[in-house]
Amino acid sequence: MSRWLPWSEATRSALYGHGGFFHSEQGPAAHFRTSVHASGLLAVAVLALVERVDVELGQPERLDLVDVGAGRGELLLDVARLLDRPSALSGRVRLHGVDLAERPQRLPPQIGWSAELPEHSVGLLFANEWLDNVPLDVVEAGPDGPRRVLVDPATGDESPGGPIGLRDASWLARWWPLDASPEGARAEVGFPRDVAWADAVGSLDGGLAVAVDYGHLRADRSAGTYSDGTLAGYRDGRRVRPVPDGSCDLTASVALDACAAAGEAAGGTLTELCRQRDLLPTLLGEIGEIGEIGEPAPGTTAEALARASELAELTDPDGLGAFWWLTQAVSR
Ligand SMILES: C[S@@+](CC[C@H](N)C(=O)[O-])C[C@H]1O[C@@H](n2cnc3c(N)ncnc32)[C@H](O)[C@@H]1O
């Protein structure tokens, strides 16, 4: 018996429901490689941002680092190790992971963990590859306007659904217009990600909110670059047909300009949107890492060579380097 559901609903139970993909024991790292898994250098860059925020806030007694969509806490553990070295931040940074998955057993008790965003944080909120996993609906251009696409969770087969509501129609009109698109062109309604990002920005009383993800901008969406849609499945490191049965990751590119506008409405200012390949070397340079890892000279240690190759992976223009960093300051 088939059970046709909108993609958002099917994705929510496939990823986060009972027995869902993100509750599996191994966690996301078993199925795909994020910047966090690729290199400890991401933690170094995050620490550089924490230092920036610390100076900006006048070195408060307590500074929060909230990792949203924290996976199995890998980034927080890397940062905790770096914070063990004596520095101006010593003893002042409180680490907290937010994830729908259970608290990882290996996290030390001083690292907080919750399924919900903590309120009134002051410091850095960082979300690596979180927003692309926030479920959304898929629509298709039809003769009388966009129609919701329904999916059978058991097979991934699709069927045309009914017309969309006013809220989704106005999101599409602003961010992913389909009026000039041929019949059958697809779009993903990013509204739930805007809400998720606005909530994240809204949870900060002061500091910086950063979302890192793969994404697209309105000009390219309107030009039809993504008219086949971007919804994809991943399992065991391979791209697979997206079937919302809990067996694979389900992810879609993020309309980061729309999230940025939502973040601004929630109090975010000084919005910047740049590529990982451009920002990461700057941040690593600030913290004195780039000297060691930039261009290995003859006789460079094996460790420095390994770091150079990690940096190359993180800044690869056809891979992780193409990821966007959305940064927004908050001061209430
Ligand atoms: C692709 S993984 C990224 C993990 C980690 N940040 C990394 O870069 O390796 C996305 C994570 O976001 C979590 N997630 C998705 N939606 C969430 C929500 N609404 N609240 C908390 N966590 C969420 C998932 O459970 C998953 O662990």
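Computed from the coordinates by the stated procedures, all read-outs in this text should not be read as laboratory data. Source: prediction; values computed, not measured. Counting neighbours? That spans all protein chains shown, and the Cβs are built from the backbone with ideal geometry, glycine included.
If a spin label sat at a point 7 angstrom from the Cα of GLU116 along the line to its beta carbon, the backbone N atoms of the range 180-213 nearer than 16 Å would be those of 196, 199-204.
Give me D for the range 137-232 in µm² s⁻¹, whole number, from Stokes-Einstein with Rh from the Kirkwood sum over alpha-carbon pairs, 20 °C and 1.002 mPa s. Don't jump to the answer; show the numbers that get you there.
Working: Rh = 14.7 Å.
Approximately 146 µm²/s, per Stokes-Einstein.
Around the Cα centre of the range 165-221, unit charges on the Cβ atoms of Lys, Arg, Asp and Glu (plus for the first two, minus for the last two) sum to a dipole of about 100 debye.
Rounding to the nearest 10 and keeping the result within 0 to 90°, find how far the Cα-based axis of helix 191-202 lies from the longest principal axis of the chain. The angle comes out at about 30 degrees. For the range 226-277, applying the loop criterion from DSSP together with a ceiling of 11 other beta carbons within 10 Å to the trypsin sites (Lys or Arg not before Pro) yields no site. Full extension of the chain between THR225 and GLU102 gives 40.5 nm of extra length, using 0.36 nm per residue less the Cα-Cα distance. For the chain, the antiparallel share of DSSP beta bridges with both residues in that region comes to about 60%. Place +1 on the Cβ of every Lys and Arg and -1 on the Cβ of every Asp and Glu in the chain, take the dipole about the Cα centre, and give the residue among GLN328, SER24, LEU279 whose Cα lies farthest towards its positive end. Toward the positive end, the furthest listed residue is SER24.
How fast does the range 189-332 diffuse by Stokes-Einstein, in µm²/s, taking the Kirkwood radius from C-alpha pairs at 20 °C and 1.002 mPa s?
Values: Rh = 17.4 Å.
The Stokes-Einstein estimate is 123 µm²/s.
Most simply put, the range 1-156 has about 30% antiparallel DSSP beta bridges, counting only bridges with both residues inside it.
Would you give the gap between the C-alpha center of the range 23-93 and the C-alpha center of the range 221-267, rounded to a whole Å? After rounding, the separation between the Cα centres reads 24 Å. In loop segments of the range 135-186 as defined by DSSP, the GluC sites (Glu not before Pro) with at most 16 further C-beta atoms inside 10 Å of their C-beta are GLU183. The three principal axes of the C-alpha atoms in the chain carry coordinate ranges of 63, 42, 39 Å, sorted with the longest axis first. Convex hull of alpha carbon positions in the range 1-133: directionally averaged projected area 9.4 nm².
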